Amino acid sequence: MLHLLKVDLKKMISYRTFWVVCGLYFLTLAFTTASGMEFLKWLASKGAEFGTSLNISRIPLYHFPDVWQNLIFISGFFKIVLAIMVVISITNEFTYRTIRQNIIDGMSRWEFLLSKILTNGLLSITSVAMVFIIGLVTGLIYSPASNLEYILTDLEFFPAYFLEVFAFLSYALMLGIIIQRSGLTIIVLMLSFMIEAIIKVNIPDQAEFLKMFFPMESITNLVAMPFARYAFQEIQDYVSAASVAIAMAWTFLFNYFGYLKLTKSDI
Amino acid sequence: MLGPNGSGKTTTLGMLMGVVNPTQGEFTWFGQAATHETRKKIGAVLEHPIFYPYLSGQKNLELTAMIKGAPKEHIAKVLDIVELAQRKEDKYRTYSLGMKQRLAIASALLNDPIVLILDEPTNGLDPMGIAEIRTIIKRIAADGKTIILASHLLDEVQKVCSHFAILRKGNLVHSGPVDDVGRGEETVEVFAYHDDLSALLQHFEGTLSLKKEGANYLVKLKQEFHSQDLNRFLFGKGIVASHLVTQKKSLEKQFLEILSEAENKSHLTRS
């Protein structure tokens, strides 16, 4: 297992594009999630111009345990960048035909896929660690009460976040294996949400419950949008077991479809 | 392994190396069903050299070594064999075609393979490059490694190989030792200053057929006759040949003959 991960990382570690894309990902992730207070201040100054006063200390963006769901929800938008990196990594193997040489050199097709899946796992774990550190630091700075009990509340959002990123990267990997060309794959990847939305709109009201079974929907449902709570609305401030089950099933299917395509076709 | 373009040489090798799924049939390596583990003991380059263009030659070989489970110390050794040690830190995409081919051979040699598969290793190279690759192949063959070579360069195959097989449209049409090529009737190219050489040669008891080519005559000899018999015959008649060459049947000729035979056969069976 570790050996396969090392093999795939070896391909990446001297690849400049990998560092540029990952660097951009983690930088934007860090800056965006850490600058929520600055955004609120800007919002307040705008509000002051129009004569409405906004008491930003009343919005506990970074207070434990709110900070976890807030940051994770925002971070979820950036997984597309990581997914594009995954697409580049797998489609390169087809464009350069290096997957062929890897197999000839003695990798099994399953080992090849597993090496890519393991990298997906590593990227997901790194994202989780990154968001956790940013949440912890900003929380300690802005939170009035930073006792351990508050800090340790709502941590279940992290496994959910891991699943969210990992499921989406699995989807990107599958697309790359099926389409094999980077440009087209990235376009399909970006349009996935829109295509799914169009299908969902056409679902009759009686079959409303079907919507939660759609792949992109299931990934999005893992961590619900939390900000409405600051407008005194009810939000889903927990991870629902159903959404976890559906997302896990899709993750398995994505990788399984990738496996099927890889073993059935000539390389 | 010989055959015209599109006869299925690379496809056959691809099946043996697990990248093409066979529609039917089976094969074994070293007497066992093939797995990806068997492939680690085989060094193979199919068609073009394939490497990560953004990695250096050294890094590419390190990656291959990881996949094959070959010791890292072998890298310097194989780079020396193909004389690429000086350029090993340069990116693969900066290499010339000849260097790419050499790197491919180096990577095939990495795990000290039992069998080496080379598919058109001199394809697209200039005469210098071809000579270099040929020297390398001969050096490896001298080490006692089994080499499976798919090539168009029949001259080369004749020099390097001990056995050959010919494919045509995915079917095996011939296989046998290279030594067998050239057995059978001898053809002798002969010329002498004599007014009636043609009639004289017709009278020679060993002559099977006679053909004029330019100023020379091509005498196809019967099975048990050789060029020295013809020479002796002419000398006995008081004629000294000014030109006498035994034409060895080349692999190229044999190759074309076998192919056209196979063609005829398939025409016959079809009609």
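The values are calculated or read from the model by the stated rules, or taken from the named source; none is laboratory data. Predicted model only: the values in this text are computed from it and were never measured. Note that each Cβ is placed from the backbone with ideal geometry, even for glycine, and that neighbours are counted across all protein chains shown.
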Inspect all residues belonging to the stretch A:71-89 and state whether any of them is within 14 Å of chain B (Cβ to nearest Cβ) and part of a helix (DSSP H, G or I). yes
Of the residues B:Glu224, B:Glu257, which single one is more than 16 Å from B:Glu205 (Cβ to Cβ), acidic (Asp, Glu) and either loosely packed, with under 13 Cβ neighbours inside 10 Å or under 33 Å from the mean Cα position of the chain (by Cα) (or both)? B:Glu257
Residue hits (the stretch A:7-37; touching a helix residue (DSSP H, G or I) at 6+ places or on another chain (Cβ under 6 Å), among the β-branched types (Val, Ile, Thr) and within 10 Å of chain B (Cβ to nearest Cβ)) are A:Val7
Set A:Val67, A:Val20: member being of a type outside the set (Lys, Arg), surrounded by fewer than 17 Cβ atoms within 10 Å (Cβ to Cβ) and either at pLDDT 90 or above or under 20 Å from the mean Cα position of the chain (by Cα) (or both): A:Val20
Filter result for the condition that a residue is under 30 Å from A:Ile99 (Cα atoms) and away from every other protein chain (no Cβ under 14 Å), over A:Ile246, A:Ile219, A:Ile235, A:Ile267: A:Ile219
Every residue in the stretch A:90-103 that is within 13 Å of chain B (Cβ to nearest Cβ) and touching a Gly at 6+ places or on another chain (Cβ under 7 Å), please. A:Ile103
Out of the residues in the stretch A:52-70 meeting the condition of being in a loop (DSSP other than H, G, I, E, B) and touching a Phe, Trp or Tyr at 6+ places or on another chain (Cβ under 6 Å), tell me which one is nearest to A:Gln236 (Cα to Cα). A:Pro65
Residue pairs meeting the criteria (Cβ under 7 Å; at least 6 apart or on separate chains; first more than 13 Å from A:Ser170 (Cβ to Cβ), in the stretch A:104-126; second modelled with pLDDT under 95 and outside any helix (DSSP H, G or I)): A:Ile104/B:Met17; A:Ile104/B:Val19; A:Ile104/B:Ala44; A:Ile104/B:Leu46; A:Gly106/B:Lys40
Residue within the stretch A:218-231 that is part of a helix (DSSP H, G or I), farther than 23 Å from A:Leu71 by Cα and of a type outside the set (Asp, Glu) present: no
Scan B:Lys72, B:Lys77, B:Lys59 and give me the residue that is at pLDDT below 95 and closer than 21 Å to A:Asp8 by Cβ. B:Lys72
Every pair of residues 6+ apart whose Cβ atoms lie under 7 Å, when the first sits in the stretch B:235-255 and is of a type in the set (Lys, Arg) while the second is surrounded by 14 or more Cβ atoms within 10 Å (Cβ to Cβ): B:Lys237/B:Leu200; B:Lys248/B:Gly182; B:Lys249/B:Val181; B:Lys249/B:Gly182
Please find, among B:Ala165, B:Ala192, the residue that is within 30 Å of the chain's Cα centre (by Cα) and either acidic (Asp, Glu) or crowded, with 16+ Cβ neighbours inside 10 Å (or both). B:Ala165
Name the helices (runs of 4 or more DSSP H) wholly inside the stretch B:50-149 in which the number of residues that are within 20 Å of B:Thr38 (Cα to Cα) and either over 20 Å from the mean Cα position of the chain (by Cα) or not aromatic (Phe, Trp, Tyr) (or both) is 3 or more. B:57-68, B:97-109
The stretch A:29-46, residues that are surrounded by 14 or more Cβ atoms within 10 Å (Cβ to Cβ) and of a type outside the set (A, V, I, L, M): A:Thr32, A:Thr33, A:Gly36
Among the candidates A:Leu155, A:Leu114, A:Leu122, single out the residue that is under 27 Å from A:Tyr25 (Cα atoms), within 14 Å of chain B (Cβ to nearest Cβ) and under 21 Å from the mean Cα position of the chain (by Cα). A:Leu114
Count - residues of the stretch B:166-225 that are part of a strand (DSSP E or B) and not charged (D, E, K, R): 22
Tally up the residues in the stretch B:8-39 that are more than 9 Å from chain A (Cβ to nearest Cβ), without any contact (Cβ under 8 Å) to a residue 12 or more places away in the chain and in a loop (DSSP other than H, G, I, E, B), please. 6
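Residue under question is B:Lys72, and the condition is that it be within 14 Å of chain A (Cβ to nearest Cβ), among the basic types (Lys, Arg) and touching a Lys or Arg at 6+ places or on another chain (Cβ under 7 Å); does it hold?
So B:Lys72 does not fit the description; no.
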When residues of the stretch B:186-233 are limited to those that are of a type in the set (Gly, Ala, Ser) and in contact (Cβ under 8 Å) with a residue 12 or more places away in the chain, the one farthest from B:Gln254 (Cα to Cα): B:Ala192
Can you report the number of residues in the stretch B:40-49 which are within 7 Å of chain A (Cβ to nearest Cβ) and either within 11 Å of B:Ala108 (Cβ to Cβ) or modelled with pLDDT of 95 or more (or both)? 2
